[in-house]
2 protein chains.
Amino acid sequence: MSRSNRKSQIVQTAAHLFRKEGYQAVSMRDLADNLGIKAASLYNHISSKEEILALIIMDMARTFSEHIAEVRKNENSSVDKLTEIIDMHLRTTFHKTDVLACMNREWKHLNDDYRKTYLQLRNQYENDFLQIIENGMETGELRSLNPKILSNTFLSALRNLYHWHDRDPEFSEDRVRESVKDYLLSGLLLG
Amino acid sequence: MSRSNRKSQIVQTAAHLFRKEGYQAVSMRDLADNLGIKAASLYNHISSKEEILALIIMDMARTFSEHIAEVRKNENSSVDKLTEIIDMHLRTTFHKTDVLACMNREWKHLNDDYRKTYLQLRNQYENDFLQIIENGMETGELRSLNPKILSNTFLSALRNLYHWHDRDPEFSEDRVRESVKDYLLSGLLLG
DNA sequence: GTCTATAATAGGATAGAC
DNA sequence: GTCTATCCTATTATAGAC
């Protein structure tokens, strides 16, 4: 198989296994077995196990950062901005489940350099999100709750929707998006 | 040190390290170092690394199950029941942070028997929670959103509030509880 | 690009002295 | 209850043949 095809195949399979078993629990032999080759052959395509993890995580982390930076500076209302962010998380939850779960659960195993960059990106993401929330409160679009606590709670909900796929595959992406949007934006109580 | 004191000290220290580094990343030698003894000495108090993980997780899992079973069968309104559940999660988030994070992140590494029991408890918990939500919708106390999607989203938010302690130690438990309650129960939009 | 063989290390766990 | 010494296995990664 060609070098670059095999490489992306390795990364994809690794993401799947890392998500299912955890990064440390998956050996290079396990990964190779799943690809039908021997462990030593992996090193013709990647330089280390850590590199695979970085290839999985860093790209997704940058995608999220770029997305929220664009949303933050566009001219939409706060509710529309929050809707765009929910949409992004839902798309990723449904179409990049393995990578998203890997990122959320295994980033601690990145090497020092990548982990530092990852945490910078995550902090930046959370700051951008907080800014959007605070803007919405200032313009009166959103209720004046504590913005930091609200951000953290909102993001906790969004980031962990991938647990879905392990348990409730019965709902379509559209169905989930509408309900999640409705709940997270409008609230729970009647009237 | 007496046998039972040392044992609970081992479990507590392990919970802290497992949370910080991940179960697989913490060796018995790391754990022993943190306790100021040698790895071999640990085995005078516990039988295996897996047993330590089970001691951390299973007790907390049962506590959550018993709590929601009691809440489900009491006579309070749905909103009061949800409030009791939020309170329980907040108490645990603030006072048993290490154990809670361990349970959420490391349960996959339980041995087969414990993992099976853990998943039964978790399923039962989610069913009880779903029942409470569905009841609230039937009596008209809650808006009629999709109950499964709502449960999943609500629980995603609650279960992951422990990320807090890693980042925003500035808020008191009471302050967080009131804001989280307000948001998760009442909603975000003004009016 | 994949293989076999192997180096180098780290891990969980036990035996037996004190 | 803790120690030293050690066993056994599994791991990441490399060397060199095909």
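Structural size metrics of region A:142-191, computed from C-alpha coordinates, are Rg and Dmax of 12.7, 36 Å. Using a simple spin-label model with pseudo-atoms 7 Å out from Cα toward Cβ, A:LYS116 and B:ASN127 lie 5.1 nm apart.
Per residue of the protein assembly as shown, the DSSP helices (runs of n ≥ 4 H) give a summed -39500 (n - 2.57) that works out to -23000 deg cm²/dmol at 222 nm.
The smallest convex shape that holds all Cα atoms of region A:1-59, its convex hull, gives 73 Å³ per residue. Shown for B:TYR23, A:TYR118: other C-beta atoms within 10 Å of each C-beta, ranked fewest to most, produce the order A:TYR118, B:TYR23. Each label was represented as a point 7 Å from its Cα along the Cα-to-Cβ direction; for A:ASP174 and A:ASN74 these points are 2.0 nm apart.
The H on the amide N of A:LEU142, modeled in the peptide plane, is under 5 Å from the matching H of A:MET137, each at least 5 residues off or on a different chain. Shielding value for A:173-184 is 4, the average number of Cβ atoms from other chains within 10 Å of each residue's Cβ. Using the Cβ of B:THR83 as centre and a radius below 10 Å, the other residues enclosed give a net charge of 0, where K and R count +1 and D and E count -1.
Per the Debye formula on identical point scatterers at the alpha carbon atoms of region B:16-122, with no solvent, log10 I(q)/I(0) at q = 0.19, 0.23 Å⁻¹ is -0.99, -1.25. Normalised by residue number, the volume inside the convex hull of the Cα atoms of chain A is 142 Å³ per residue. Based on C-alpha pairs under 8 angstrom that are at least 6 apart in sequence, chain A has a relative contact order of 24 percent. As a rough footprinting exposure proxy, the listed residues A:ARG122, B:ARG177 were ranked by other beta carbons within 10 Å of their own, and the order from fewest upward is A:ARG122, B:ARG177.
Projecting 7 Å from Cα along the Cα-to-Cβ direction, the label point of A:SER2 sits 7.1 nm from its equivalents in the other copies, listed shortest first.
Each other copy holds its own label point for B:ASP168; taking that point as 7 Å from Cα along Cα to Cβ, the gaps run 2.5 nm, nearest first. In plain terms, the C-alpha convex hull of region B:82-128 casts an average shadow of 3.5 nm² when viewed from every direction.
At q = 0.09 Å⁻¹ the log10 of I(q)/I(0) for the protein assembly as shown amounts to -0.58, computed by Debye summation with a single uniform scatterer per C-alpha, solvent ignored.
The Cβ shell under 12 Å around A:LYS148 holds other residues with a net charge of -2, Lys and Arg each +1, Asp and Glu each -1. Each listed q (0.12, 0.15, 0.16, 0.25 Å⁻¹) maps to a log10 I(q)/I(0) for region A:93-170 from the Debye sum over equal C-alpha point scatterers, namely -0.47, -0.69, -0.76, -1.12. When chain B is treated as a GNM with alpha-carbon contacts under 10 Å, the residue of B:GLU173, B:GLU21, B:GLU84 showing the greatest mean-square fluctuation is B:GLU21. Label-to-label distances for B:VAL79 across copies, nearest first, come out at 2.2 nm, using points 7 Å from Cα in the beta-carbon direction. The mean number of Cβ atoms from other chains found within 10 Å of a Cβ in peptide A:139-148 is 4, as a whole number. As a proxy for reagent exposure, A:LEU184, B:LEU90 were ordered by neighbouring Cβ count within 10 angstrom, fewest first; the result is B:LEU90, A:LEU184.
Each reported figure results from applying straightforward, stated rules to the coordinates on display, with no laboratory input. Since the model is a prediction, treat every value here as computed from it, not as a measurement. Neighbour counts are summed over all protein chains in view; Cβ atoms, including those assigned to glycine, are modelled from backbone coordinates with ideal geometry.
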